[in-house]
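Heads up, the thing below is written out as structure tokens.
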Amino acid sequence: MIIKPKVRGFVCVTAHPAGCAAHVNEWINHVKSKGPIKNGPKKVLVIGSSTGYGLASRVTAAFGSGAATLGIFYERPSEEGRTATPGWYNTIGFTHAAHAAGLYAKNINGDAFSNEIKAQALETIKKDLGQVDLVIYSLASPRRTHPATGVVHKSVLKPVGVSYTNKTVDTDKGVVSQVTIDPANEQEIADTVAVMGGEDWELWMRALSDAKLLAPGAQSVAYSYIGPEVTWAIYKNGTIGLAKNDLERAARTIDSLLKLNGGGRAFISVNKALVTQASSAIPVVPLYIAILYRIMKAAGTHEGCIEQMQRLFADHLYSARGPVFDEGGRVRVDDWEMRPGVQAGVAEIWPKVTTENLATETDIAGYRSEFLKLFGFGLAGIDYEAEVEPHILMP
């Protein structure tokens, strides 16, 4: 079939297998261009490995330090008349590239919150790897079935306490408008923390520790975002921010666990605002990203997922000096985004943006390009008029 992008709101409902593979190869080539990561990881578990920062972490570990990687994800294969999800195609592209390079790469597709998938992962590590020396936790899911209670928790993206009104943009139609979001109730807050907080990360790490599958000195990292004040009501101080606070609580608990295991460590990496499937769904944030991209590209400091993760691994996780932490014990690879000059530029442009000047005041074109790339569209060297087979099996 000939596959074209079909955008519905903040999601694209089609994905291009050859384009997704090309996108992964772009990331691989970037990591290779930076040279080997000295003393990098050798056996890595990536929980949430098929898109965004999780996939970029897997690419960096494999092609930056030759690591064996086990990826956990929950993606849908193709169906009759329907393409697979981009994460499915991304993982196939990564796995083929890793195998061609002689690297171990195995995948488990299923609900990472479940006891069954955890058990399957532990058995695979025990059988194939013995132990892992790095665990990346990068799950982004709208719901979680709790493994102990069976209760289905659904997350919401809402402010806490009071309603919030600000500008937002329909990135597909290019319309800037005001959006008002009502505050979350107590149940919605609790559900969001249950989905996006740190409990599941803790369950994974305790299961790995109890099974003695963590190498001495093993590290674990989870990802978060703080951002500027303009996004705080919906992010840092909203339901997702409260969930991220719980993630930081879990990081401290896991850090204590790993320190007893040969001096390992766990921490949060605060990353840059980027176009991802998750960030596209958050009101206000896409407009902020479109402005941010314009400013950082002009300054020559713009980074995507792979640049962020390569820098995290090379400059923090495996640098000779070790990670540099902020006052909250977090690594900040959002440091270039949060430079005063960059944020002053955002603050200057924000009140001026309208539907009419969106194209000139922001990098909405760059936002859209990056958004479509997530689904395998707009990649150089791909003939998007050609027939392509959407039904591809996982290696």
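Just so you know, all these numbers are worked out from the coordinates, no wet-lab data involved. In this text the structure is predicted, and so the values were computed from the model without any measurement. In this analysis, Cβ positions are derived from the backbone assuming ideal geometry, glycine residues included, and neighbour counts consider all displayed protein chains.
Any lysines with Cα under 18 Å of the Lys244 Cα? List them, leaving off those in the same chain fewer than 8 positions away.
Partners within reach: Lys154, Lys158, Lys236, Lys272.
Spelling out what I want: for every residue of the range 220-231, take phi, set θ = phi - 60°, compute 6.51 cos²θ - 1.76 cosθ + 1.60 (Karplus), and round to whole Hz; glycine and proline get x.
Working through the residues one at a time gives 9, 9, 10, 10, 8, 8, 10, x, x, 4, 4, 9 Hz.
Along each of the three principal axes of the Cα atoms of the range 269-388, give the extent in whole Å, ordering the values from largest to smallest.
49, 42, 26
So who's got an amide H within less than 5 Å of the one on Ile37, skipping anything under 5 residues away but keeping other chains? H placed 1.01 Å off N, in plane.
Ser65
Where both residues lie in the range 1-154, what percent of DSSP beta bridges are antiparallel, nearest 5?
30 percent
List, in order, the whole-Hz ³J(HN,Hα) value for each residue of the range 129-143 obtained from phi through the Karplus relation with A = 6.51, B = -1.76, C = 1.60 and θ = phi - 60°; use x for Gly and Pro.
Once θ is set to phi - 60°, the couplings for the range 129-143 become 10, x, 8, 10, 10, 8, 10, 9, 10, 9, 7, 9, 9, x, 8 Hz.
Rounded to the nearest 5, what % of DSSP beta bridges with both residues in the chain are antiparallel?
If I count the DSSP bridges inside the chain, around 35 percent turn out antiparallel.
What's the center-to-center distance, using Cα atoms, between the range 1-66 and the range 213-274 in Å?
22 Å
Where a ≥ b ≥ c are the square roots of the eigenvalues of the C-alpha gyration tensor, would you call the range 40-118 rounded, which needs a/c under 1.5, or, failing that, prolate if a/b is larger than b/c, or oblate?
oblate
So for the range 1-122, if I pair up every lysine 8 or more residues apart or on another chain, how many of those pairs have alpha-carbons under 30 Å apart?
The number of close lysine pairs in the range 1-122 is 13.
Taking the beta-carbon count within 10 Å as an exposure proxy, list Lys32, Lys272 from fewest neighbours to most.
So the residues, fewest neighbours to most, are Lys32, Lys272.
Indicate, rounded to the nearest 5 percent, the antiparallel portion of the DSSP beta bridges found entirely in the range 219-355.
Here the antiparallel bridges make up roughly 10 percent for the range 219-355.
Debye calculation, C-alpha points only, no solvent: report log10 I(q)/I(0) for the chain at q = 0.09, 0.10, 0.13, 0.14 Å⁻¹, in the same order as the q values.
-0.51, -0.64, -1.15, -1.35
Based on other C-beta atoms within 10 Å, arrange Met205, Met309, Met1 from fewest to most.
So the ranking, lowest neighbour count to highest, is Met1, Met205, Met309.
Quick one: Glu202, Glu327, fewest Cβ neighbours within 10 Å first, how do they rank?
With the sparsest Cβ surroundings first, the list reads Glu327, Glu202.
Cut-off 10 angstrom, C-alpha nodes, Gaussian network model of the chain. Which of Val179, Val132, Val169 fluctuates the most?
Ranking Val179, Val132, Val169 by mean-square fluctuation puts Val179 first.
Calculate, in nm to one decimal, what Val11 and Thr301 gain on full extension: separation in residues at 0.36 nm each, minus their alpha carbon distance.
Gain on extension, Val11 to Thr301, equals 101.7 nm.
Pull up all non-local amide H partners of Ile3: gap of 5 or more, or a different chain, and H-to-H distance under 5 Å with H placed in the peptide plane.
Long-range HN contacts for Ile3: Val388.
Whole-Å semi-axes of the range 1-89's equivalent ellipsoid, largest first, each the root of 5 times a Cα gyration tensor eigenvalue?
28, 14, 10
With the cut-off at 15 Å, report for the range 323-395 the share of all Cα pairs above it, as a whole percent.
75 percent
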